[in-house]
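These notes concern the structure reproduced below.
The values are calculated or read from the model by the stated rules, or taken from the named source; none is laboratory data. Every value quoted in this text rests on a predicted model; they were computed, and no experiment measured them. Cβ placement follows ideal geometry from the backbone for every residue including glycine, while neighbour counts extend to all protein chains displayed.
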Amino acid sequence: MSARIDLFGCPVDALTMAESLARIEEIIEHGDPQQHMAVNANKVVEMDRDSELREIVRGSAIINADGAAVVYASRFLGTPVPERVTGVDLFVALMELAASKGYRPYLLGARPEVVQAVVTQYSGGENPVEFAGFRDGYFPESEDESVAREIGETGADMLFVAIPTPRKEKFLGRYRDVMGVPFLMGVGGTFDVVAGKVSRAPGIFRDNGLEWLWRLIQEPKKMWRRNVYGSTTFVLRVLRARYFGYRLPEG
């Protein structure tokens, strides 16, 4: 496994997409529950003020640089990661892995018609995925434990959770052992993209690290705080780390 870098207190694995997939396959084959983490600028900012989120991120078995800002920051600070490993791309690749290896994923999150559309998309064709189960993400936090126990009873090999940050990270961190699923991953808005409810940024935006701008144009009310406040705060943190030795809190 490639080295884990330290981005002023946020660990990030220096992994390519291919290396990430190989590592995830090892995790699934080993069988012990392990959490995947995708970090972007907004999540690093949230870690600054949320001690539980910091602990969960730092305890994750694999931590990918999902956001372009994280990749650029790693280079600016002299500890570069090789590339972005976006949640959408990784999810699609893992569905292909599930089909080829016979892994049974469970999908949790998004609206009922959206998660159903994702399941339908991957359940057909020449290489169908056998899903352990699925359900939407519209349930109160008071039901988190019961939902987790239901998932655990399915015997799933992979769990993908599409609910907002930091709830999804905390759900996975708190109930990882209750569910007993070998590979657990938060996927944010991935189900909406895969189901065609939200269009993904064109290649020119993705290639230049401007996927955030495309999402801001599409969903300004939902994304303005994350992409304006979060990104600006992240840039200031990176500059402080470079010139004044700033680090995220340890506790």
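Screening segment 1-112 for strands (runs of 3 or more DSSP E) wholly inside it with 3 or more residues that are touching a helix residue (DSSP H, G or I) at 6+ places or on another chain (Cβ under 9 Å) and at pLDDT 95 or above returns the ranges 10-13, 34-39, 62-65, 105-109.
For segment 41-61, indicate whether the set of residues that are within 16 Å of D89 (Cα to Cα) and either crowded, with 23+ Cβ neighbours inside 10 Å or touching a Leu at 6+ places or on another chain (Cβ under 8 Å) (or both) is non-empty. The answer is no; no qualifying residue exists. In a residue-by-residue description of segment 158-168, the property of being touching a Gly at 6+ places or on another chain (Cβ under 6 Å) and not aliphatic (A, V, I, L, M) applies to at least one position.
Looking only at segment 138-155, residues that are touching a Gly at 6+ places or on another chain (Cβ under 7 Å) and outside any helix (DSSP H, G or I) come to 1 in all. Among the residues here, G173 does not qualify as over 19 Å from the mean Cα position of the chain (by Cα) and buried (at least 18 other Cβ atoms within 10 Å of the Cβ).
Among the residues of segment 230-251, how many are hydroxyl-bearing (S, T, Y) and either buried (at least 16 other Cβ atoms within 10 Å of the Cβ) or in contact (Cβ under 8 Å) with a residue 24 or more places away in the chain (or both)? Steps first, answer last, please.
From segment 230-251, those hydroxyl-bearing (S, T, Y) are 231-233, 243, 246; that's our starting set.
From what is left, the residues that are either buried (at least 16 other Cβ atoms within 10 Å of the Cβ) or in contact (Cβ under 8 Å) with a residue 24 or more places away in the chain (or both) are 231, 233, 246.
Total satisfying the criteria: 3.
Screening L159 against (1) touching a residue at least 12 places away in the same chain (Cβ under 8 Å); (2) surrounded by fewer than 22 Cβ atoms within 10 Å (Cβ to Cβ) leaves a single unmet condition, (2). Considering only segment 83-104, I want to know if a residue exists there that is surrounded by 20 or more Cβ atoms within 10 Å (Cβ to Cβ), among the basic types (K, R) and touching a Ser or Thr at 6+ places or on another chain (Cβ under 8 Å). Within segment 83-104, none of the residues are surrounded by 20 or more Cβ atoms within 10 Å (Cβ to Cβ), among the basic types (K, R) and touching a Ser or Thr at 6+ places or on another chain (Cβ under 8 Å).
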